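Notes follow the structure.
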Number of protein chains: 2
Amino acid sequence: MTTARTLDSTFAALADPTRRAILARLSLGEASVNELAEPFAMSQPAISKHLKVLELAGLISRGRDAQRRPCRIEAAPLAQASGWLDNYRRFWEHSFAQLDDLLEELKAEQAAAKKSTKRRNTKGDKT
Amino acid sequence: MTTARTLDSTFAALADPTRRAILARLSLGEASVNELAEPFAMSQPAISKHLKVLELAGLISRGRDAQRRPCRIEAAPLAQASGWLDNYRRFWEHSFAQLDDLLEELKAEQAAAKKSTKRRNTKGDKT
């Protein structure tokens, strides 16, 4: 697969909450279809369909054991997706930095307001 | 939107090469629909459809200028997607480490093979 087609199938596979939950479960260790179906209150065929999408995207592989065929995470496509997103990191880091600046400004304004209120109250005491 | 729904729409929006190319173009600066359509040999309505998907996913925003309505990247959903993928970083870093070990082993084997060939050749010279 080309990089573009890998990214297409990786992002499409990740665009579903059940498939992301399956990957989260598999991040704890290998699991069979039955073990994966259990917590989802989903039929085994429904889970199998999701597993097929993940397998075609190269995000999981299945073991050879004919009975269990345990699923495991394959991380290479996730690394590629993360690498693609990294090209945009400067945008969100920039936004976070702006948010930080804004918070600092607000804090400084609040501190200045407090100080001036205090000064006015002190003056009030004197008169 | 909940985190799960944001991730759904972000990953779905990113699963298309034209939409990723639009974001790449916008990473260089704001652009109008016309400017975006130009390099893609795509009709303006086709580009507008992709922009709608990106806008609904919160990945771009449109300017107020009624004529141009320039598009710009909004990075927050990208940051969230990157954060989700980070949960799996240990898997690909582990794979890369294994690959490194394998390469080191191969290099060591090659060096050993070279050495033994050299020794054999030197012996051959003597006899």
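Data overview
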{"quantity": "Whole-Å semi-axes of the ellipsoid equivalent to chain B (Cα gyration tensor, √5λ, descending)", "calculated": "54, 20, 10"}
{"quantity": "Gyration tensor verdict on the stretch A:36-78 (Cα atoms; rounded if a/c is under 1.5, prolate if a/b is larger than b/c, oblate otherwise)", "calculated": "oblate"}
{"quantity": "Cα long-axis angle, helix B:44-56 against chain B (0 to 90 degrees, to the nearest 10)", "calculated": "80"}
{"quantity": "Distances in nm from A:ARG64 to the matching label points in the other copies, shortest first (labels 7 Å along Cα to Cβ)", "calculated": "6.6"}
{"quantity": "Cβ-Cβ FRET estimate between A:ASP100 and A:ALA66, R0 fixed at 51 Å, reported to 0.05", "calculated": "0.35"}
{"quantity": "Between the stretch B:27-54 and the stretch A:12-38, the alpha-carbon center distance in angstrom", "calculated": "35"}
{"quantity": "Label distances, nm, A:ALA41 versus same residue in remaining copies, Cβ-directed 7 Å point", "calculated": "5.1"}
{"quantity": "Angle in degrees between helix B:76-86 and the longest Cα principal axis of chain B, rounded to the nearest 10", "calculated": "30"}
{"quantity": "Tilt relative to chain B, helix B:17-26 - C-alpha long axis, 0 to 90 degrees, to 10", "calculated": "80"}
{"quantity": "Which of A:SER43, A:GLN67, A:ALA13, positive extreme of dipole for the stretch A:3-74 (C-beta unit charges)", "calculated": "A:GLN67"}
{"quantity": "The protein assembly as shown: C-alpha gyration tensor shape, a/c 1.5 cut-off, then a/b vs b/c", "calculated": "prolate"}
{"quantity": "Peptides ranked, highest mean first, by Cβ atoms within 10 Å: ranges B:17-30, B:63-76", "calculated": "B:17-30, B:63-76"}
{"quantity": "7 Å along Cα→Cβ, label-point gaps from A:ALA111 to other copies, nm, shortest first", "calculated": "5.6"}
{"quantity": "Difference of contour (0.36 nm per residue) and Cα-Cα distance, B:THR122 to B:ALA108", "calculated": "2.9 nm"}
{"quantity": "Neighbourhood charge, 9 Å Cβ-Cβ cut-off, centred on A:GLY63 and excluding it, Lys, Arg +1 and Asp, Glu -1", "calculated": "+3"}
{"quantity": "Shielding score for B:15-28, defined as the mean number of other chain Cβ atoms within 10 Å", "calculated": "3"}
{"quantity": "The protein assembly as shown, helix-only ellipticity at 222 nm - DSSP H runs n ≥ 4, -39,500 (n - 2.57), divided by all residues, nearest 500", "calculated": "-23000 deg cm²/dmol"}
{"quantity": "Innermost chain A residue relative to the axis carrying A onto B, by Cβ distance in angstrom", "calculated": "A:PHE11, 2"}
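Each reported figure results from applying straightforward, stated rules to the coordinates on display, with no laboratory input. These numbers come from a predicted model, not from an experiment. Glycine gets a Cβ as well: all are built from the backbone with ideal geometry, and neighbour counts include every protein chain shown.
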